[in-house]
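**Student:** One structure follows; several queries about it will come next.
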Amino acid sequence: MTPNAGDSRSLGHESQRSDASGHQLPPTILPAEGLPVHIPVVVSMRHAHFTAAIIEQLFCDRYRLHPSGVVLPGQQFATLETVDLIGPQGQLRKVQVIGPPRAMNQIEISRADALILGIRAPVRESGDLIGTPGLTVQGPRSQVVLGMGLICALRHVHMNPEQARHLGIKDQDRVEVETQGCNRRLCFQDVLVRVGSRFSLELHLDTDDADAADVRTGDFALLTRRISEAPC
C-alpha cells in the first residue's frame, strides 16, 4: 500500500531508487519532522552470491555474469544465470545468481526453503557467515560443494547516511516497522538498520515475512521508532 498523498508525513526530501535490475522505482519521500516515515518494501527471493572462482567452477573459465537489466555503477544486479541448490532432503531449482562476484559465497533462502533442503540455516545478517552450513550447488558446468554460506537473511532496513541523519538513526540500530498489508498488518520489532552510501531507504523482507504480512515489493511500511541503539 502507498502512503496517503495528503498526509503531511509524506512530504519532504526525495530519494531516487532503483531495484536490483536497475529499473527506476518511485522516490522515497522523507517527512520534514523525522519518524514515523513510510518506506517502500522490497521482497527478496532466494538468491546466491558467489566468488569469481566459484562462478568459473559452476559455469566456465573466465565467465562473466549476464545482467538481466540495466546495471548502475557500484550496485549489485540480478543476472540471467541460475543454479540448483541441493540439500540432504530436497532441491531448490533455478535460484538466481546476483552479481557482481563477492569476496565470500553467500546464499540467502527462507525458512520454508530450508525445510525443503533439510538444512537448519541460521538467521544472520548478510556477511555474518562463520559457523553457517554449506550445501551442494549445481551449475551448468559442474557441482560445487560449499562448506559454509547458507543463511536466512535477517530482516533489515537500508538507508543512506543522509537519510539516517535526518531520521536520527545509526548503522546497526534496531527499529520497529509496521507493515500496511490490507488483510494482515504486522509489527516487526528488532529490525536491523544498515547504513551505506549506496543504499536507499527500504525495508527488506524474505518471502516468509512478506507472505505473513501480505505485502509485495512496491508496497509501503511504516518505520515508527528506534527501539535500541547500535552497540558502541
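The values are calculated or read from the model by the stated rules, or taken from the named source; none is laboratory data. Note that the structure is predicted; figures quoted are calculated from it, not measured. Cβ: placed from backbone, ideal geometry, glycine included. Neighbour counts: every protein chain shown.
**Student:** Out of contact with any strand residue (DSSP E or B) (no Cβ under 6 Å at 6 or more places or on another chain), assigned to a loop (DSSP other than H, G, I, E, B) and closer than 17 Å to GLN96 by Cα - does that describe any residue in segment 146-161?
**Tutor:** Scanning segment 146-161, I find no residue that is out of contact with any strand residue (DSSP E or B) (no Cβ under 6 Å at 6 or more places or on another chain), assigned to a loop (DSSP other than H, G, I, E, B) and closer than 17 Å to GLN96 by Cα, so the answer is no.
**Student:** Going through ARG102, ARG120, ARG141 one at a time, which residue ends up being of a type outside the set (Val, Ile, Thr), in contact with a strand residue (DSSP E or B) (Cβ under 7 Å, 6 or more places away or on another chain) and either within 25 Å of PHE188 (Cβ to Cβ) or part of a loop (DSSP other than H, G, I, E, B) (or both)? I'd like the intermediate steps shown before the answer.
**Tutor:** On the way: ARG120 fails: in contact with a strand residue (DSSP E or B) (Cβ under 7 Å, 6 or more places away or on another chain); ARG141 fails: in contact with a strand residue (DSSP E or B) (Cβ under 7 Å, 6 or more places away or on another chain).
Of the residues listed, the single one that is of a type outside the set (Val, Ile, Thr), in contact with a strand residue (DSSP E or B) (Cβ under 7 Å, 6 or more places away or on another chain) and either within 25 Å of PHE188 (Cβ to Cβ) or part of a loop (DSSP other than H, G, I, E, B) (or both) is ARG102.
**Student:** ILE39 is checked against (1) in the same structural domain as ALA213 (by TED's automatic domain parsing); (2) touching a helix residue (DSSP H, G or I) at 6+ places or on another chain (Cβ under 7 Å) and fails just one. What number does that condition carry?
**Tutor:** (2)
**Student:** Something else about it: Name the residue that is farthest from LEU223 (Cα to Cα), counting only residues in segment 169-195 that are in a loop (DSSP other than H, G, I, E, B) and in contact with a Lys or Arg (Cβ under 7 Å, 6 or more places away or on another chain).
**Tutor:** Kept after step one, since they are in a loop (DSSP other than H, G, I, E, B), are these residues of segment 169-195: 169-173, 180-186.
Checking which are in contact with a Lys or Arg (Cβ under 7 Å, 6 or more places away or on another chain) leaves us with 169, 171, 173.
Values: ILE169: 11, ASP171: 15, ASP173: 13 Å.
Going through the qualifying residues, I end up with ASP171.
**Student:** While we're looking at this one, here's another question. Go through the residues of segment 79-95 one by one and say whether even a single one is of a type in the set (Lys, Arg) and either in contact with a Lys or Arg (Cβ under 7 Å, 6 or more places away or on another chain) or in a loop (DSSP other than H, G, I, E, B) (or both).
**Tutor:** So the first thing to find is which residues in segment 79-95 are of a type in the set (Lys, Arg), and the list is 93-94.
Retained after the next criterion (residues that are either in contact with a Lys or Arg (Cβ under 7 Å, 6 or more places away or on another chain) or in a loop (DSSP other than H, G, I, E, B) (or both)): none.
The answer is no, given that none of the residues of segment 79-95 is of a type in the set (Lys, Arg) and either in contact with a Lys or Arg (Cβ under 7 Å, 6 or more places away or on another chain) or in a loop (DSSP other than H, G, I, E, B) (or both).
**Student:** Which residues, counting only those in segment 169-210, are out of contact with any helix residue (DSSP H, G or I) (no Cβ under 9 Å at 6 or more places or on another chain), at pLDDT 95 or above and more than 27 Å from LEU72 (Cβ to Cβ)?
**Tutor:** Within segment 169-210, ARG174, GLU176, GLU178, CYS187 meet the criteria.
**Student:** Just checking, does segment 135-148 include any residue being without any contact (Cβ under 8 Å) to a residue 60 or more places away in the chain, under 18 Å from ALA52 (Cα atoms) and within 18 Å of the chain's Cα centre (by Cα)?
**Tutor:** no
**Student:** Among the listed residues ARG165, ARG225, which satisfies the condition of being assigned to a strand (DSSP E or B), more than 18 Å from VAL43 (Cβ to Cβ) and either in the same structural domain as ASP128 (by TED's automatic domain parsing) or not aliphatic (A, V, I, L, M) (or both)? Steps first, please.
**Tutor:** Details: ARG165 fails: assigned to a strand (DSSP E or B).
The unique qualifying residue is ARG225.
**Student:** Has segment 202-219 got any residue that is basic (Lys, Arg) and within 16 Å of the chain's Cα centre (by Cα)? Don't jump to the end; show me each part of the working.
**Tutor:** Here is the first cut: in segment 202-219, the ones basic (Lys, Arg) are 216.
Narrowing further to those that are within 16 Å of the chain's Cα centre (by Cα): 216.
Yes, segment 202-219 contains a residue that is basic (Lys, Arg) and within 16 Å of the chain's Cα centre (by Cα).
**Student:** Run down GLY181, GLY139, GLY218 and say which single residue is surrounded by fewer than 17 Cβ atoms within 10 Å (Cβ to Cβ) and small (Gly, Ala, Ser).
**Tutor:** Values: GLY181 fails: surrounded by fewer than 17 Cβ atoms within 10 Å (Cβ to Cβ); GLY139 fails: surrounded by fewer than 17 Cβ atoms within 10 Å (Cβ to Cβ).
Answer to the selection: GLY218.
**Student:** Let me ask you something else. Please determine whether any residue of segment 34-43 is modelled with pLDDT of 95 or more and part of a loop (DSSP other than H, G, I, E, B).
**Tutor:** The answer is no; no qualifying residue exists.
**Student:** Counting only residues that are buried (at least 20 other Cβ atoms within 10 Å of the Cβ) and of a type in the set (Lys, Arg), how many does segment 158-178 have?
**Tutor:** So the count comes out to 0.
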